Amino acid sequence: MARKGAPTRRCRDGKFALFAGVAAAGVLAVSARAHAQSHDAAVRLDGLQPASAGSPFIRAEGPRHSFDRGMSYAVRLTGDYALKPLTTRVVQGAPNSPGQTSDKALVRHALLLHVGAALAPLDWLTLEANLPIAVMERGEDDLSVNAQTMRAGKAGVGDIRLGLLFTPLNREKLDVGFGARAWAATGSRAAYMSDAGASPRIEATAFFAAKRGAISYACTTGIAPLFFAGRDGDRLALSCAAAFRLSSLTSFVAEPHIALYSFRSADGPGGTTPGLGNADLAPSFEPLGALVFHAGPLMIKLAGGAGFGGAPGTAAARGILSVSYQHQGDPVAVQLPPPDRDLDGIPDSYDACPDAAGQKEQRGCPRSADDDGDGILEDDACPREAGPAHDDPRGHGCPDRDNDHIPNPIDSCPIEPGTPPTGCPTYARLKEKEFVSTPPLRFVRGRSMLTAESLAALSEIMSTTRANPTIAQLSVVIGTRRVRRKLADARAAQVHKLFKDTGFDNNRYEVVLDGKARGGQIRVRVIR
């Protein structure tokens with residue numbers, strides 16, 4: 001006589017130890033066997049529940065982009081092939097006696113598509129949706145389980161998942177967030193993708209993501225509150241990931257995933273697997289390795305790995321191809337200090353003598369007791385030339401022609417504002433009739449946004465121009481070869497806005513579009 005178990009993952013004789021996730025706090029070793037699930041239990045094959053569409057990882061939420069204007073959005077299509085995600089054990093022999101066993105696959109091959117989208121109207125708020133679709137399922141049909149017929153899986157649509165995620169801590173090197181995801185029980189039971197008709201499922205989630213050099217890493221945990229009450233099909237899950245930047249276009253990602261599912265046993269409470277309430281537990285462990293290709297806003301992931309554990313939906317092997325597109329909002333603007341031409345620490349708007357360094361009690365004007373009127377009565381290194389106080393006695397009380405807080409006698413670049421100790425600019429140097437920038441001035445590829453280095457270089461160029469009255473005008477030449485007119489105009493507008501926001505005299509610069517110059521590059525020429 002044949003006895004047949006209910007749907008589960010591949011199982012072997014005896015017990016085996018397996019790590020399953022219970023929460024971010026640790027890992028639980030669970031002893032599992034062939035599970036005798038009831039026919040109407042919540043069997044779900046879409047065990048791969050992807051992260052938000054904009055994440056660089058498959059299951060874990062990755063680092064988020066900070067922005068202060070516009071919004072970010074992402075779309076993603078993921079192809080997911082699973083080998084033997086749903087099997088049942090058949091025991092040949094008389095009831096309650098040893099017999100030969102064999103595994104039968106209700107679903108031997110499954111190809112699922114995950115269609116996902118995410119929208120971030122604010123950099124700390126993300127709305128997401130994901131819909132799994134079973135394109136193909138193949139397996140053994142008409143298996144009798146507990147006097148009921150179980151059929152091979154068929155193509156169908158799964159439950160749509162909606163999520164709301166908050167990221168209250170969003171820093172350049174660390175993000176921390178939380179949220180919730182809900183599943184509407186509307187999918188196909190014939191495809192083993194839903195327990196249609198049941199009440200919706202909800203899962204609380206928390207995550208962190210960080211960057212350190214060429215490495216980014218993250219962990220995301222999901223907790224279904226009713227798991228602790230033994231609700232059939234709920235889970236605890238933990239997904240972690242680490243990405244190693246191989247080049248500007250490629251990364252390698254290691255991403256282990258562990259989960260613990262509660263399920264209703266056909267044998268009732270008291271089975272060999274420990275459980276909560278009236279449910280037993282089934283573990284799942286799926287480590288994945290992925291190669292990620294970056295091409296601007298486009299991202300392609302190739303991933304694969306083996307699976308272990310008794311939970312339905314745990315594939316013996318899994319292969320993934322994912323393609324996503326992400327549009328990011330404008331970055332957070334850099335706050336520039338208020339203008340202070342004489343560098344006396346008093347902003348020009350409050351300085352009665354904005355071109356001569358002075359004292360706060362004199363409203364920024366120098367005292368009349370010293371010859372050069374700079375307010376320095378003793379140890380003035382330049383007694384005939386007004387200048388601010390300085391820690392270096394060689395420049396104490398000396399003028400600072402380029403207004404970079406480094407007096408002329410100790411400034412290696414006296415007509416180019418710079419940084420200590422040399423006083424020279426970091427990115428842009430004045431070479432006769434043109435500014436030379438390292439790295440070259442350019443826009444972000446395909447966008448109207450300047451690179452961070454280019455923003456800093458243009459700020460240095462404006463400071464040098466202000467410090468040199470002999471420079472009558474700047475000619476900012478933007479290359480537009482093979483660039484759409486709309487993008488070229490947007491880039492020119494971005495440069496105009498930068499000069500206007502920093503208070504630069506609009507009579508001292510011009511913006512020129514050059515159709516012969518390489519698209520996206522910028523040259524700044526000097527007109528004397």
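The values are calculated or read from the model by the stated rules, or taken from the named source; none is laboratory data. Predicted, not measured: the structure shown is a model, and the values here were computed from it. With ideal geometry, Cβ positions are generated from the backbone for all residues, glycine too; neighbour counts draw on all protein chains shown.
General remarks:
- Test: residue in region 432-439 that is part of a loop (DSSP other than H, G, I, E, B) and in contact with a Cys (Cβ under 8 Å, 6 or more places away or on another chain): no
- Per the listing Phe263, Phe166, the residue uniquely within 26 Å of Gly307 (Cβ to Cβ), aromatic (Phe, Trp, Tyr) and either modelled with pLDDT of 90 or more or out of contact with any Phe, Trp or Tyr (no Cβ under 8 Å at 6 or more places or on another chain) (or both) is Phe263.
- Highlighted here are the strands (runs of 3 or more DSSP E) found entirely within region 459-528 that include at least 2 residues which are at pLDDT 90 or above and farther than 30 Å from Asn408 by Cβ: 473-481, 509-518.
- In region 381-426, the residues that are outside any loop (DSSP other than H, G, I, E, B) and either basic (Lys, Arg) or more than 19 Å from Thr464 (Cβ to Cβ) (or both): Pro409
- Test: Val334 is surrounded by fewer than 18 Cβ atoms within 10 Å (Cβ to Cβ) and either more than 41 Å from the chain's Cα centre (by Cα) or at pLDDT below 85 (or both): yes
- Some residue of region 47-63 being modelled with pLDDT under 80, closer than 26 Å to Ala237 by Cα and either part of a loop (DSSP other than H, G, I, E, B) or not assigned by TED's automatic domain parsing to the domain that holds Ala191 (or both): yes
- Picking from residues in region 413-448 that are surrounded by fewer than 17 Cβ atoms within 10 Å (Cβ to Cβ) and over 15 Å from Glu460 (Cβ atoms), the one that is modelled with the highest pLDDT is Val444.
- Residue within region 248-263 that is farther than 25 Å from Ala303 by Cβ, assigned to a strand (DSSP E or B) and more than 15 Å from the chain's Cα centre (by Cα) present: yes
- Only one entry of Thr464, Thr470 meets the criterion of being surrounded by fewer than 16 Cβ atoms within 10 Å (Cβ to Cβ) and not assigned by TED's automatic domain parsing to the domain that holds Pro338, and that entry is Thr470.
- Consider region 298-326 and keep the residues that are under 22 Å from the mean Cα position of the chain (by Cα) and surrounded by 15 or more Cβ atoms within 10 Å (Cβ to Cβ). The one that is nearest to Pro256 (Cα to Cα) is Ala303.
- Boolean, Ala129 is surrounded by fewer than 20 Cβ atoms within 10 Å (Cβ to Cβ) and either part of a loop (DSSP other than H, G, I, E, B) or among the small types (Gly, Ala, Ser) (or both): yes
- Answer residue from region 171-185, given it is surrounded by fewer than 17 Cβ atoms within 10 Å (Cβ to Cβ) and not hydrophobic (A, V, I, L, M, F, W, C) and is modelled with the lowest pLDDT among those: Glu172
- Taking first residues from region 339-363 that are part of a helix (DSSP H, G or I) and partners that are among the small types (Gly, Ala, Ser), the Cβ contacts under 9 Å between residues at least 6 apart in sequence or on separate chains come to Asp348/Gly364; Tyr350/Gly364; Lys360/Gly345; Gln362/Ala352; Gln362/Gly375.
- Annotation: of all residues in region 154-208 being among the acidic types (Asp, Glu) and part of a loop (DSSP other than H, G, I, E, B), the one that is farthest from Ser55 (Cα to Cα) is Asp195.
- Sole exception among (1) part of a loop (DSSP other than H, G, I, E, B); (2) closer than 21 Å to His496 by Cα; (3) free of Cβ contacts under 8 Å to residues at least 60 places away in the same chain for Ala456, by number: (1)
- Scanning region 209-240 for residues that are among the small types (Gly, Ala, Ser), assigned to a strand (DSSP E or B) and more than 18 Å from Asp175 (Cβ to Cβ) returns a single hit, Ala237.
- Complete set of residues in region 192-209 that are farther than 19 Å from Ala229 by Cβ and small (Gly, Ala, Ser): Ser194, Ala196, Gly197, Ala206, Ala209
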